[in-house]
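The values are calculated or read from the model by the stated rules, or taken from the named source; none is laboratory data. All values reported here derive from a predicted model rather than from experimental measurement. FYI the Cβ positions are ideal-geometry reconstructions off the backbone, even for glycines, and counts take in every protein chain you see. With ligands, DNA and RNA removed, areas are computed over all heavy atoms of the protein, side chains included. Shrake-Rupley method; radii C 1.70, N 1.55, O 1.52, S 1.80 Å.
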Amino acid sequence: MGMIVLSNNGEYNHYNILTKYSKMADRIIIVSPFLAMDMPRLLLGMPTIKYVELYTNLDGYGMADNVLSAICGLYKYGFDKGVSISVKYNNRLHGKAYLLYDGNEEKGCIITSGNFTDNGLKTNHEYGVFIDNEIMQRELRDKIYSLDCVELLYKEALDLKIKADEYTKKHPVEKIPVFKASDYIRDKMILPDNCRYFLKPLGNAARPVGTGYTIIEDNQIGFSKKPSRISKGDILICHGVKVGNVLGICKIMGSEAKKETAFAGDRWNWKLATSCISEKYSLHWWDYDIKTSDLADEFNKLKKKGEHITMAGGDTINALQFGHQYIEITREFAQFIMDSISKA
């Protein structure tokens with residue numbers, strides 16, 4: 001295997017690789033100064049892990065109360081699931097690394113810019129490497145073990161969390177307005193000409209997508225049959241079955257679909273690697289309530305002569321109601337959808 005370059009906008013997503021290789025391991029070393037408030041949710045994707053060693057930063061970034069909440073939640077997860085938890089901290093820690101073991105046998109490690117958070121492992125534009133080399137992993141582990149750390153037991157973390165909550169109540173922080181250039185700039189994404197565009201339904205009537213689901217986290221989109229017409233670089237407009245909403249826009253990153261089953265009864269088991277190109281919208285698509293059918297009606301009212309919704313010359317998306325796994329649409333309609341969600 002050697003080495004794999006990781007990012008969160010391609011086939012080799014940090015979390016996907018971490019969960020994939022954790023299946024061969026029972027122990028993980030987590031090195032991360034910032035932590036997900038709900039660390040157990042990330043660890044649930046690694047059910048074989050029975051030992052967690054965490055190295056973090058308690059005071060270095062003024063985030064002690066948040067880190068303590070995450071640590072207390074991690075300890076509770078350990079108690080509930082029978083997972084051994086060990087927590088140590090060093091307030092100068094800034095590096096991020098994840099090391100996997102089966103007993104004492106090295107099963108690969110990640111060195112990255114991404115913290116152990118949803119953003120760090122799934123959403124942000126982070127870069128790292130997965131290394132399958134025993135000698136290099138041992139060297140990394142030795143460097144981590146050589147840190148001058150303080151162990152933080154559960155009772156100590158809980159006591160500190162109580163003190164942190166009391167302190168915060170006595171010293172509320174006034175929020176200072178922050179200037180954001182992005183609030184004054186609206187970038188218009190122009191879709192490319194040298195690709196094809198498809199309307200892709202996700203979910204079904206019995207198992208519809210719901211609030212909280214995002215195409216950003218998926219990184220793979222399934223098809224019931226091998227999608228021979230869809231190629232690397234093509235664009236998918238994702239549509240939620242039953243809910244009727246536009247979920248966002250993805251670019252195809254994988255060169256060929258691979259057959260994988262994500263859950264029992266998964267009939268969309270031909271998977272293509274994707275990357276979301278509408279992150280701001282897709283993170284909260286349910287708040288905007290933009291319906292695909294409404295956009296089709298609006299496009300038909302505004303379109304120029306000779307323009308259509310589908311490449312077959314159609315002006316409806318009715319084929320979605322008949323179980324089609326995708327519909328090829330025109331660049332004009334795809335751009336209209338992109339413009340509409342960009343304004344949301």
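Look at region 1-20: where a residue is modelled with pLDDT under 85 and a partner is in a helix (DSSP H, G or I) and of a type in the set (Val, Ile, Thr), sitting 6+ places away or on another chain with Cβ atoms under 8 Å, you get ASN8/THR123. Out of the residues in region 67-90 meeting the condition of being in a loop (DSSP other than H, G, I, E, B) and in contact with a strand residue (DSSP E or B) (Cβ under 9 Å, 6 or more places away or on another chain), tell me which one is surrounded by the most Cβ atoms within 10 Å (Cβ to Cβ). The selected residue is VAL83. In region 91-106, the count of residues that are among the charged types (D, E, K, R), in a helix (DSSP H, G or I), at pLDDT below 95 and open to solvent by 40 Å² or more (accessible area, probe 1.4 Å) is zero. Scanning region 215-229 for residues that are in a loop (DSSP other than H, G, I, E, B) and buried (at least 21 other Cβ atoms within 10 Å of the Cβ), we see that the one that is modelled with the lowest pLDDT is ASN219.
Would you mind stating whether ALA164 is open to solvent by less than 60 Å² (accessible area, probe 1.4 Å) and out of contact with any Cys (no Cβ under 9 Å at 6 or more places or on another chain)?
Numbers: open to solvent by less than 60 Å² (accessible area, probe 1.4 Å): yes; out of contact with any Cys (no Cβ under 9 Å at 6 or more places or on another chain): yes.
The answer is yes for ALA164.
Applying the condition of being touching a residue at least 60 places away in the same chain (Cβ under 8 Å) and part of a helix (DSSP H, G or I) to region 52-66 and asking which residue is most open to solvent (accessible area, probe 1.4 Å) yields ASP65. Every condition in (1) among the basic types (Lys, Arg); (2) within 27 Å of ASP118 (Cα to Cα); (3) not in a strand (DSSP E or B) holds for LYS305 except the one numbered (2). On inspection, SER293 fails the criterion of being in contact with a Cys (Cβ under 9 Å, 6 or more places away or on another chain), open to solvent by less than 80 Å² (accessible area, probe 1.4 Å) and on the phi < 0 side of the Ramachandran plot.
Looking only at region 259-284, count every residue that is modelled with pLDDT of 85 or more and basic (Lys, Arg) and tell me the total. Residues flagged as modelled with pLDDT of 85 or more and basic (Lys, Arg) within region 259-284 amount to 1.
Within region 1-33, being over 27 Å from CYS250 (Cβ atoms) and not in a strand (DSSP E or B) holds for MET1, MET24, ALA25, ASP26, SER32, PRO33.
Listed here are the residues, each with its yes/no results for (1) under 23 Å from MET311 (Cβ atoms); (2) open to solvent by less than 50 Å² (accessible area, probe 1.4 Å); (3) touching a Ser or Thr at 6+ places or on another chain (Cβ under 6 Å).
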{"site": "LYS200", "(1), (2), (3)": "yes, yes, no"}
{"site": "SER231", "(1), (2), (3)": "yes, no, no"}
{"site": "LEU236", "(1), (2), (3)": "yes, yes, no"}
{"site": "HIS239", "(1), (2), (3)": "yes, yes, yes"}
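Candidates are the residues of region 275-289 that are in a helix (DSSP H, G or I) and open to solvent by 50 Å² or more (accessible area, probe 1.4 Å); the one that is nearest to ILE215 (Cα to Cα) is GLU279. Of the residues making up region 13-26, not a single one is under 27 Å from ASP148 (Cβ atoms) and of a type outside the set (A, V, I, L, M).
Does LYS251 meet the test of being closer than 20 Å to HIS14 by Cβ, open to solvent by 50 Å² or more (accessible area, probe 1.4 Å), charged (D, E, K, R) and not in a loop (DSSP other than H, G, I, E, B)? Yes; evaluated as a whole, the condition is true for this residue. Criterion applied to THR316, THR310 was being surrounded by fewer than 16 Cβ atoms within 10 Å (Cβ to Cβ), among the polar types (S, T, N, Q) and farther than 30 Å from ASN13 by Cβ, and the one residue passing it is THR316. In region 107-128, the qualifying residues are those that are surrounded by fewer than 16 Cβ atoms within 10 Å (Cβ to Cβ) and out of contact with any Lys or Arg (no Cβ under 7 Å at 6 or more places or on another chain), and the one that is farthest from SER278 (Cα to Cα) is TYR127.
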